[in-house]
């Protein structure tokens, strides 16, 4: 037991000395280059930095928001021996992803990039450079574009069928034929009247939301998600198919628990469990 504790003590001492040496080397190298960095909040302790501030049941987003209220919209913290810059203002975010876009386009080396990204070959992990630019261009042109249309003929036939269905429903609406048994097309046609909201189309509002730096759901700048167009075309169709084909209910019809968990991605504290039941009778799925 004594030998085990001694081994742990020696390991901790050598690890601390190594990290101290590495920190001094980094500080010495960084002192040669004058970089105007955001101010660092006080209270950093070697070698953990400000990590102790996040040991709480409070969601990480609220902790960072409280720090922003106290120290301003942009500041830096220490995550161990590494510096991290926190930005909580959309105008500064816009400047980061427009004016200084190229500076922030790099990616640090990580074990995930080496082992999961085939030694940073996956362009999501690759650092900014010629390789990343070529791979991104290839993905945008060959994978996430409309160039590949192997099912073009089938798509044209499906388009004719759906168009005939829509024309039939439009004719009923023009002739004021009442039909108590409305289907999905009737519901979608009823929403067309609401498409123009305060002079803007629904597509314009969606695009403005994506480009708004207060939200940026797909990121922004050079490293933004290349699948924005693909996602806008497919995601709503996938969700619509699920909602049309199945009924969802919670256990005991209880309200959904929206308690936030303690993580950087704000997961649910209690996993959501639901019953998924087909809307149609089982016999209709046999054909």
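Average the reciprocal distances over every distinct pair of alpha-carbons in region 227-287, invert the result, and give the Kirkwood radius in Å.
14.6
Can you sort 75, 54 by how many other beta carbons sit within 10 Å, fewest first? Write down the numbers at each step before the final one.
On the way: 75 20, 54 14.
The fewest-first ordering by Cβ neighbours comes to 54, 75.
Quick one: if the Förster radius is 51 Å, what FRET efficiency do residue 283 and residue 122 give, using the C-beta to C-beta distance and rounding to 0.05?
Between residue 283 and residue 122 the formula returns 0.65.
So for the pair residue 222, residue 18, with labels modelled 7 Å out along Cα→Cβ, what separation do we get in nm?
3.3
Estimate the FRET efficiency between residue 104 and residue 9 by the formula 1/(1 + (r/R0)^6), using the beta-carbon distance for r and 41 Å for R0, to the nearest 0.05. Display every interim value, and only then the final one.
Values: r = 41 Å, r/R0 = 1.00.
E between residue 104 and residue 9, to the nearest 0.05, is 0.50.
Sort region 50-129 into rounded, prolate or oblate with this rule: let a ≥ b ≥ c be the square roots of the eigenvalues of the Cα gyration tensor; rounded if a/c is under 1.5, and if a/c is not under 1.5, prolate when a/b is larger than b/c, oblate otherwise.
Since a/c reaches 1.5 but b/c is at least a/b, the shape of region 50-129 is classed as oblate.
Taken together, the values in this text are just the output of simple stated rules run on the coordinates, not laboratory data. What you see is a predicted model, and the numbers here were worked out from it, not measured in a lab. Glycine gets a Cβ as well: all are built from the backbone with ideal geometry, and neighbour counts include every protein chain shown.
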